[in-house]
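Single-structure report; data block below.
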Amino acid sequence: MKKPKWVIEKEQGRRAAAAETVWLFGLHAVRDALLNPARERVRLVLTKNAADRLAEAITQSGMTPEIEEPRKFSAPLDPGSVHQGAALEVKPLNWGSLEEVCSGGEGAPLVVLLDRVTDPHNVGAVLRSAEVFGARAVIATQRNSAPETGALAKTASGALERQPYLRVKNLSDAMVTLQRMGYILLALDGEAEVTLDDALADLKGRPVGLVLGAEGPGLREKTKETADQLVKVPAAREFGSLNVSNAAAVGLYAARAHI
């Protein structure tokens, strides 16, 4: 009996996901991935100098590196990548389901949701802030968001290995799930009338989700409609604004103080 088309496509998707790998680069990103027992590692390419600097992490990982000359570095990286002589091919991390991570994961009942934030440097910076302020997860969509890449890992400076980064099919559906779990979702919008601090003052002890949009297009209308409240970070000057990673850091600091 011939399989239905949707079954075939689902199986193909699973095989593609199983075969997917990511190249991490840079001494810090590679070291943290080597030391992460949850990370499935495939291939390690190093210069002699990088191997010496990563010797302890290499031993702990149990990997055998391929030592190459700096001018003949064979890892398939973007020519502009500052790899510092270190590249590691890995499988993407699997943090588990949204419900598992956000209901009882490590850290405060605080999450960040990103709406169409595609710049890996911005997402990497958000992951760093989320780790510093003890958020349970950073949540983005599988499409139209920054995937797990070497550039993201390098900007995250190790946070990618420790801070859950969940990719969901539909952001609005994920928001509804979090609301059912008790989260109050505050969407940052420069046109909002209520400040973030004022909104947080009424939520003492409640789980909080901060929703941020990409610079330029901002939040989608559906995202705004699904959020519990639109809030803003007040600017001291009329035309002041923050990029998404800075806004996330400010929001996380403020929210952590109220939880």
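Computed over segment 60-164, the P(r) tail beyond 17 angstrom holds 59 percent of alpha carbon pairs. Of all the C-alpha pairs in segment 91-217, what % are more than 17 Å from each other? Of all Cα-Cα distances in segment 91-217, 55 percent exceed 17 Å. The label-point distance for A257 and W95, in a model that sets each label 7 Å from Cα toward Cβ, rounds to 2.5 nm.
Please tell me the relative contact order of segment 164-259 in percent, rounded to the nearest whole number, where contacts are Cα pairs under 8 Å and at least six residues apart. Display every interim value, and only then the final one.
Details: 118 pairs, mean separation 34.9, N = 96.
Over segment 164-259, the number comes to 36 percent.
Packing order of peptides 129-142, 76-89, highest average first: 129-142, 76-89 (average count of other Cβ atoms within 10 Å over each peptide's residues).
Mind counting lysine pairs for me in segment 107-255? Cα separation below 22 Å, and the two need to be 8 or more apart along the chain or on different chains. Lysine pairs, 8 or more places apart or on different chains, close enough: 5.
In the full protein context, the chain carries 54 Å² of accessible surface per residue, based on a 1.4 Å probe and ignoring ligands, DNA and RNA. Normalised Debye scattering of the chain at q = 0.15, 0.16 Å⁻¹ gives log10 I(q)/I(0) of -1.04, -1.13, counting only Cα atoms as equal scatterers and leaving out solvent.
Entry for segment 178-259 at q = 0.16 Å⁻¹: log10 I(q)/I(0) = -0.56, Debye formula applied to identical alpha-carbon scatterers, no solvent contribution.
Calculate, for A235 and Q60, the FRET efficiency according to 1/(1 + (r/R0)^6) with r their C-beta to C-beta distance and R0 30 Å; round to the nearest 0.05.
Values: r = 47 Å, r/R0 = 1.55.
E between A235 and Q60, to the nearest 0.05, is 0.05.
Split the accessible area of the chain by element, probe 1.4 Å, and carbon with sulfur accounts for 48%.
Computed 3J(HN,Hα) for segment 25-33, one whole-Hz value per residue from the Karplus formula 6.51 cos²θ - 1.76 cosθ + 1.60 where θ = phi - 60°, is 8, x, 4, 5, 5, 5, 4, 5, 5, glycine and proline marked x. For segment 118-161, the average shadow cast by the Cα convex hull is 2.7 nm², which is a quarter of the hull's surface.
Roughly what % antiparallel, to the nearest 5, for the DSSP beta bridges in the chain? Walk me through the intermediate numbers first.
Working: 10 of 35 bridges.
Here the share of antiparallel DSSP bridges comes out near 30 percent.
The residues packed around T64, meaning those with a beta-carbon under 12 Å from its beta-carbon, carry a net charge of +1 if Lys and Arg are +1 and Asp and Glu are -1.
The values are calculated or read from the model by the stated rules, or taken from the named source; none is laboratory data. Quick caveat, the model's predicted, so the values are computed rather than measured. Because the Cβ atoms are built from the backbone with ideal geometry, glycine has one as well, and the counts that use them run over all protein chains shown. Heavy atoms of the whole protein, side chains included, go into the accessibility calculation; ligands, DNA and RNA do not. Shrake-Rupley method; radii C 1.70, N 1.55, O 1.52, S 1.80 Å.
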